[in-house]
1. Spin-label point model (7 Å from Cα, Cβ direction): what's the residue 68 to residue 327 distance in nm?
2. What distance in nm separates the simple spin-label points at residue 380 and residue 337, each placed 7 Å from Cα in the Cβ direction?
3. May I ask you to compute the full-extension gain from residue 319 to residue 93, defined as 0.36 nm times their residue separation minus their alpha-carbon distance, rounded to one decimal in nm?
4. May I ask you to give the average projected area over all directions of the convex hull of the Cα atoms of the range 94-225, in nm² rounded to one decimal?
5. Could you compute how much accessible surface residue 127 exposes when probed at 1.4 Å, giving the result in Å² to the nearest 10?
6. Grab the Cα-Cα distance for residue 286 and residue 161, subtract it from 0.36 nm times how many residues apart they are, and report the gain in nm with one decimal.
7. Assuming R0 = 25 Å, what is the FRET efficiency of residue 126 and residue 175, from their Cβ-Cβ distance, to the nearest 0.05?
8. If you place +1 on the Cβ of every Lys and Arg and -1 on the Cβ of every Asp and Glu, how big does the dipole about the Cα centre of the range 12-179 come out, in debye to the nearest 20?
Amino acid sequence: MAKRERVVRMSVEQPLWRALTGYRLLTMVYAAVLFAAAYKEFPRPGVAIGYLAFLAVWTLATSHKVANAASCTKGFLVADLTVAIVGIALTPVADTQARIHAGGSTLPTIWTAGAVLGFAIKGGWRWACFASTFVAAANLAIHTGRPTEDTLHNVLLVWVASVAIGYVVEVARASENTLARALEIEAATRERERLARDIHDGVLQVLAMVQRRGSELGGEAEELGRLAGEQEVALRTLVSSGMAQPSRVSRDESRGALVDTYEVDEPGAEGGELDLRTLLAPHAGSRVSFAEPGTPVPLPVPAARELAAAVGAALDNVRKHAGEGARAWILVEDWGDEVIVTVRDDGPGIPAGRLDQAAGEGRMGVALSIRGRLRDLGGSADLVSVPGQGTEVELKVPRGRTDKR
């Protein structure tokens, strides 16, 4: 059995979580060392000692919380930010206003930035902006009167740095998702190619042999050969179309490259959009060729189904009036503001006045099944037929006006 592809998902943000874990531990030690160096200058050192002891316990006990995005919950982030803000608020209680205005650090010092960075890595730049705003407000509130220039610089630095890191994390996360999707598509493509080779080496060759031998034997075997040929074409079309995989189209945005997926809606669903190609592809066969764009052709579900029904009606007319040996071609074109589907055959064509005569006799196949459907969609159906040169039906559906009246 052939080896299957396995997609390995990489994490570009996991190193950031490890760095944050180390940052919290180092800055906790730094805050303790900084306080120990200026211990005698604190009028109420007991407040600082109590807070720093709690900070050490909190940092060590919650190290596993910043190990990855799953364990770092919103509740933990709020609690971590609260610990930092409480430490800032306790600074005037433990220290003097003179030291604070002279540039003295807060009790948690730069440990506070770790709480803000947790928001940035977890939720991006918007979360970072939210957390850094609270930290900035707390730093400004402990200064009675005008804040010092160093305080304003530090507040602005934390705010800008956290927002920038949050934005980089969002871009990295979008790039990671795009890479993962690309690897999944590549793996699926390789698997499809492997299946196509197996089918080509086995089933398709058998069907081709049955078709050839049936034509040689004649009689009932010839009919069996014809059916085998039709199944060969249908199976070949199924393999080349990707085993009915969802259609994907890439587009670029500021968040990074995204991949849109157009799924086939469940029967009866009226909302969303539908890739028209998925409805028309089953018509392909030994006598019907199907040409489609390389990208999805999305239409509202009701419009896509009505247009597909009109195409089916046109093919029914080919089978009924052009003869068993007639061939047909379906061409799908997406012009952005409208979708055009052309159905052409190589039959004997329609004599002049025949459609008007059929309408007068009460046979309304073209008038209702084709033109009526397109009229309800705000589109049009143009029929051109030259005797001896076949018939061409051009179906146009404009986008933005495809709701049924």
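1. 5.7 nm
2. 1.4 nm
3. Values: separation 226, 0.36 × 226 = 81.36 nm, distance 9.18 nm.
The residue 319-residue 93 span can extend by a further 72.2 nm.
4. Details: hull surface 51.5 nm².
Computed as one quarter of the Cα hull surface, the answer is 12.9 nm².
5. That residue has around 80 Å² of solvent-accessible surface.
6. Values: separation 125, 0.36 × 125 = 45.00 nm, distance 6.35 nm.
Between residue 286 and residue 161, full extension yields 38.6 nm more.
7. Numbers: r = 19 Å, r/R0 = 0.74.
Efficiency computed from Cβ-Cβ geometry: 0.85.
8. Working: 11 positive and 8 negative charges, 49 e Å.
So the magnitude is around 240 debye.
The values are calculated or read from the model by the stated rules, or taken from the named source; none is laboratory data. The shown structure was predicted, so the numbers you read here are calculated from the model rather than taken from an experiment. Neighbour counts are summed over all protein chains in view; Cβ atoms, including those assigned to glycine, are modelled from backbone coordinates with ideal geometry. Remember, those area values only see protein heavy atoms, side chains included, never the ligands or the DNA or RNA. Shrake-Rupley method; radii C 1.70, N 1.55, O 1.52, S 1.80 Å.
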